[in-house]
Amino acid sequence: MLTIWGRISSINVQKVVWAAGEVGQTFERIDLGGTFGGTREPTFLAKNPNAQIPVLEDGDVCIWESNSIVRYLAARYGAGWIWEEDAALRTEADRWMDWMISELQPSMTPAFWGLVRKMPGHTDPEVIAASIAKTEAKMDILEAHLATRSFLAGERFGMADITVGCGAHRWLNMPVERPVRPHMQRWYETLFARPAAKPALPLPIS
């Protein structure tokens, strides 16, 4: 059985929980990080010296960084399903996973911290407005891409839909004004209906 270290309110933990469910692996999840603390304990630092969640343990294998964990689960347990063996097809998923980390997630994090978590030092209206504007621009990219395909890497659900889907879930359930994007909404509703997504994407977001 897998062990996932990290609180479910973390978007990065959500990716891993969803991926584990999609590939049919049972797991124990241990709350850590945020109000739970524990990331600076020596036993955890031995697993991840960055003191960050999530961490996945699979027997003797110990992995940190959420997208790396999703790729590991997909390759080891989801080959031919959420993992594409063909490198040309797999790069479609890889680039959207990287886009989530480098573009979408940093864009919406300031607004999330200010509007949802109301963290001290992150409630400046101008900072929040800038974050919303940046995120909306990213969502326009996503909408245009999904206008011509069912899922991010084509016509089959895959690992990129998990990682970016967690971002869409967060954005669509934040208290912000946003235009209707029918292609993105259709895609998101398809993802949210998946059994493995239910335990990974709690509502309300927090």
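The values are calculated or read from the model by the stated rules, or taken from the named source; none is laboratory data. Everything numeric in this text was worked out from a predicted model, so none of it was measured. Because the Cβ atoms are built from the backbone with ideal geometry, glycine has one as well, and the counts that use them run over all protein chains shown. Keep in mind that these areas ignore ligands, DNA and RNA; they rest on the heavy atoms of the full protein, side chains included. Shrake-Rupley method; radii C 1.70, N 1.55, O 1.52, S 1.80 Å.
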Exercise. Using only the Cα atoms, work out Rg/Rh for the chain, with Rh taken as the Kirkwood radius, to two decimals.
Key: 0.96
Practice problem: May I ask you to list the residues of segment 150-187 whose amide nitrogen lies under 18 Å from a point 7 Å from Cα along the Cα→beta-carbon direction of residue 88? | Solution: 153-156
Quiz item: residue 28: accessible area at probe 1.4 Å, nearest 10 Å²?
Solution: 90 Å²
Self-check item: Sparse-neighbour loop sites [trypsin sites (Lys or Arg not before Pro); segment 64-142; at most 15 other C-beta within 10 Å; DSSP]
Solution: 117, 118
Quiz prompt | segment 22-94, relative contact order [Cα under 8 Å, separation at least 6], % | solution = 22 percent
Exercise. Tell me, rounded to the nearest percent, the portion of alpha carbon pairs in segment 26-67 spaced more than 14 Å apart.
Key: 47 percent
Quiz item: log₁₀ I(q)/I(0) of segment 61-116 at q = 0.19, 0.21 Å⁻¹, via Debye over equal Cα point scatterers, no solvent, to two decimals?
Solution: -0.76, -0.84
Quiz item: Scattering from the C-alpha atoms of segment 115-170 alone, worked out with Debye: what is log10 I(q)/I(0) at q = 0.16, 0.25 1/Å?
Solution: -0.62, -1.01
Self-check item: Cleavage-rule hits, GluC sites (Glu not before Pro), segment 120-162, DSSP coil, Cβ neighbours within 10 Å at most 11
Solution: 155
Practice problem: Tell me the trypsin sites (Lys or Arg not before Pro) within segment 13-49 that lie in a loop according to DSSP and have at most 13 other beta-carbon atoms within 10 Å. | Solution: 40
Exercise. Principal axes first, then extents: for the Cα atoms of segment 67-188, list largest minus smallest coordinate on each axis, whole Å, largest first.
Key: 46, 29, 19
Practice problem: Multiply the residue gap between residue 95 and residue 119 by 0.36 nm, knock off their C-alpha separation, and tell me the result in nm, one decimal place. | Solution: 5.5 nm
Self-check item: Cα centre as origin, Lys/Arg/Asp/Glu Cβ charges: the chain dipole, Debye
Solution: 440 debye
Self-check item: Dipole moment magnitude, nearest 20 debye, segment 46-104 about Cα centre, only Lys, Arg, Asp, Glu C-beta charged
Solution: 140 debye
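Per residue Cα convex hull volume for segment 9-87, in cubic angstrom?
Normalising the Cα hull of segment 9-87 by residue number yields 96 Å³.
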Quiz prompt | Leading residue at positive end of dipole, segment 26-131 (Cβ point charges), from 63, 102, 36 | solution = 36
